1. Identify, by number, the condition in (1) out of contact with any helix residue (DSSP H, G or I) (no Cβ under 6 Å at 6 or more places or on another chain); (2) more than 28 Å from A263 (Cα to Cα) that I137 doesn't meet.
2. May I ask you to list pairs of residues, at least six apart or on different chains, whose Cβ atoms are under 6 Å apart, with the first in the stretch 47-65 being at pLDDT 85 or above and the second being of a type in the set (K, R) and in a strand (DSSP E or B)?
3. Can you work out which of the residues in the stretch 196-209 that are under 23 Å from D145 (Cβ atoms) and surrounded by 14 or more Cβ atoms within 10 Å (Cβ to Cβ) is nearest to the chain's Cα centre (by Cα)?
4. Under 30 Å from A273 (Cα atoms), of a type in the set (V, I, T) and either outside the structural domain of S210 (by TED's automatic domain parsing) or in contact with a Pro (Cβ under 7 Å, 6 or more places away or on another chain) (or both): which single residue out of T66, T58 fits that description?
5. With the condition kept exactly as written, say whether any residue in the stretch 139-147 is surrounded by 12 or more Cβ atoms within 10 Å (Cβ to Cβ) and either farther than 22 Å from G103 by Cα or modelled with pLDDT under 85 (or both).
6. List the residue pairs whose Cβ atoms are under 6 Å apart, where the first residue sits in the stretch 92-106 and is surrounded by 10 or more Cβ atoms within 10 Å (Cβ to Cβ), the second is in a loop (DSSP other than H, G, I, E, B), and the two are 6 or more positions apart or on different chains.
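The values are calculated or read from the model by the stated rules, or taken from the named source; none is laboratory data. For clarity, every value in this text was computed on a predicted model and none was experimentally measured. Ideal geometry is used to build each Cβ from the backbone, glycine not excepted, and the neighbour counts take in all protein chains shown.
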Amino acid sequence: MKELNKNIIKKCKSDLDEVKAEVAKIVVGQEKIVDALIKALLSNGHVLLEGIPGIAKTLVIRAIATAAGCKFKRIQFTPDLLPTDIVGITSYEETKGFFVIKGPIFSNFVLADEINRAPPKVQSALLEAMQEKQATIGKETFPMDLPFFVLATQNPIETLGVYQLPEAQVDRFLFKIEMEYPSKEEEKKIIEQNITLNKFEDYKIKPILSPKKILDLQEITKKIAHSDKIKEYIVDIANSTRHPEKYNIKTGKYIELGTSPRACIGLFIGAKADALMKGDAYIRPQHVKDVAFDVLRHRLILNYTGQAEGIKTETIISEILSKVPIP
């Protein structure tokens, strides 16, 4: 496959570094999370983010949306939320007749906060928009604004009044990332640098990109070169989750269900995005490894033994990456 012009790659990396620098004005630490969100955006995918309340999940996505020069909407998922609260409604006025009022889903960046609080019918309304890039209001179907990026969050500590996301729906997210506590040094900075004491606007985040630039970046990401060996490596990783005994994966005994072909697609496009962010014109095995945890974390289904013994999917992924040979 023909390699992209190095100057194009260099300019893309420079723009993406600027976006990260703008986000860092307001978000202390969380570099891995910011990197993962930008990779998902370049890959034209969506992210499921798990983390306890109060660790700046909303702030991170709002800051990235601002630096990307895009519209941002937040939807708070609640048990009484209806699909029309997300996609919109058809209304009627005597002077105007029937007309459509679009819901908050019609934005570039959408934060679906605590998605597991809403019933399955509401979740599926969001997931249809994610998958099809369109939403139906009444009898009309409307395309989503592009780029269209959804960050859905879920709170891992509460089980009361929440609805488990079905595995088939979770599989539609390109990445699942886990947001952790900041370090001690970062937390000392947060005490002064936060939007409780200061307004979001005080940080003067500049729009580095625009919707058009993001769509261009997504096209460039697709053109990052790859070899047949890289495709073989990606397929071997997916295959090792279905037939762990062939690769001597000892923790494979805890896998109930291996990954779907979506995992291969995710590793492939995610590795391309990782390469672009690092200024590389082609995929290397390390790029695949760098996105493997985010792509596979939610796609490995543990059996009852694994759940009972508290096995983490990350442990299995680590063993897979250490044992699947690079062609």
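1. Here I137 meets the rest and fails (1).
2. L48/K176
3. L209
4. Values: T58 fails: either outside the structural domain of S210 (by TED's automatic domain parsing) or in contact with a Pro (Cβ under 7 Å, 6 or more places away or on another chain) (or both).
Result: T66 is the single residue among T66, T58 that is under 30 Å from A273 (Cα atoms), of a type in the set (V, I, T) and either outside the structural domain of S210 (by TED's automatic domain parsing) or in contact with a Pro (Cβ under 7 Å, 6 or more places away or on another chain) (or both).
5. Scanning the stretch 139-147 turns up no residue that is surrounded by 12 or more Cβ atoms within 10 Å (Cβ to Cβ) and either farther than 22 Å from G103 by Cα or modelled with pLDDT under 85 (or both).
6. Pairs found: F106/D145.
Results for (1) without any contact (Cβ under 8 Å) to a residue 24 or more places away in the chain; (2) in the same structural domain as V47 (by TED's automatic domain parsing); (3) in contact with a strand residue (DSSP E or B) (Cβ under 6 Å, 6 or more places away or on another chain), shown as yes or no for each residue.
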{"position": "P143", "(1), (2), (3)": "yes, yes, yes"}
{"position": "L151", "(1), (2), (3)": "no, yes, yes"}
{"position": "E178", "(1), (2), (3)": "no, yes, yes"}
{"position": "S183", "(1), (2), (3)": "no, yes, no"}
{"position": "K188", "(1), (2), (3)": "yes, yes, no"}
{"position": "Q193", "(1), (2), (3)": "no, yes, no"}
{"position": "P207", "(1), (2), (3)": "no, yes, no"}
{"position": "P211", "(1), (2), (3)": "no, yes, no"}
